[in-house]
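Below is one structure, written out as structure tokens; the observations come after it.
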Amino acid sequence: MRCPFCGFAEDKVVDSREVAMGDCIRRRRECLDCHRRFTSYERIETVPYRVEKKDGRREKFDRDKLMNGLLKACEKRPVSTSALQAIAEEVESLLQNSPDREITTRDIGNLVMERLGELDQVAYVRFASVYRQFGDISEFLEEVRHLLEPRKKGAG
């Protein structure tokens with residue numbers, strides 16, 4: 001932070017307090033060169049994370065929507081809520097590390113299917129049936145065959 005009076009680049013914070021509803025912090029600073037005081041305000045960055053849909057539309061990322069999909073896929077299955085929360089956190093981490101704060105539904109779906117495949121194969125098939133929007137039973141059976149292939153290789 002440069003001093004608005006002399007332009008010196010170093011200061012010390014002499015007082016900090018929340019402003020309004022806690023969405024901003026007011027800081028009183030003192031320049032280490034000219035010793036004059038000035039005030040700065042810090043706001044939390046509120047640029048939303050976005051998801052690019054299959055049709056090209058973009059919408060705000062909704063963790064609750066992701067969790068609801070995971071919970072439906074795992075309904076009456078022996079998968080803990082904490083395991084599902086870990087998947088949601090991994091998706092959020094991808095978003096946070098993305099330079100443009102966006103992720104495609106394809107990336108989310110592939111990550112979720114990979115993690116569900118490790119946790120519970122029934123939940124994987126349930127999620128895949130909604131995510132991939134199978135057109136007929138043959139596409140569904142092909143996905144199940146794909147799921148069973150690693151087992152056949154490991155058994156032989």
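The values are calculated or read from the model by the stated rules, or taken from the named source; none is laboratory data. The structure displayed is predicted, hence computed values, not measured ones. Don't worry about glycine lacking a Cβ; one is built from the backbone with ideal geometry, like all the others, and counts go over all protein chains shown.
Sub-7 Å Cβ pairs linking a first residue in the range 66-89 that is closer than 17 Å to Gln121 by Cβ to a second residue that is at pLDDT 90 or above and basic (Lys, Arg), at least 6 apart or interchain, are Ile87/Arg115, ordered by first then second residue. Counted as qualifying within the range 48-156 are the helices (runs of 4 or more DSSP H) with 3 or more residues that are buried (at least 16 other Cβ atoms within 10 Å of the Cβ), namely 63-73, 81-97, 105-119, 121-131. Any idea which of (1) among the acidic types (Asp, Glu); (2) surrounded by 13 or more Cβ atoms within 10 Å (Cβ to Cβ); (3) in contact with a strand residue (DSSP E or B) (Cβ under 7 Å, 6 or more places away or on another chain) is the one Glu42 doesn't satisfy? It is condition (2) that Glu42 fails. Report whether or not Glu102 is of a type in the set (D, E, K, R) and in contact (Cβ under 8 Å) with a residue 12 or more places away in the chain. Judged against the criteria, Glu102 is a match.
The requirement of being within 19 Å of the chain's Cα centre (by Cα) and acidic (Asp, Glu) is fulfilled somewhere in the range 103-122, by at least one residue.
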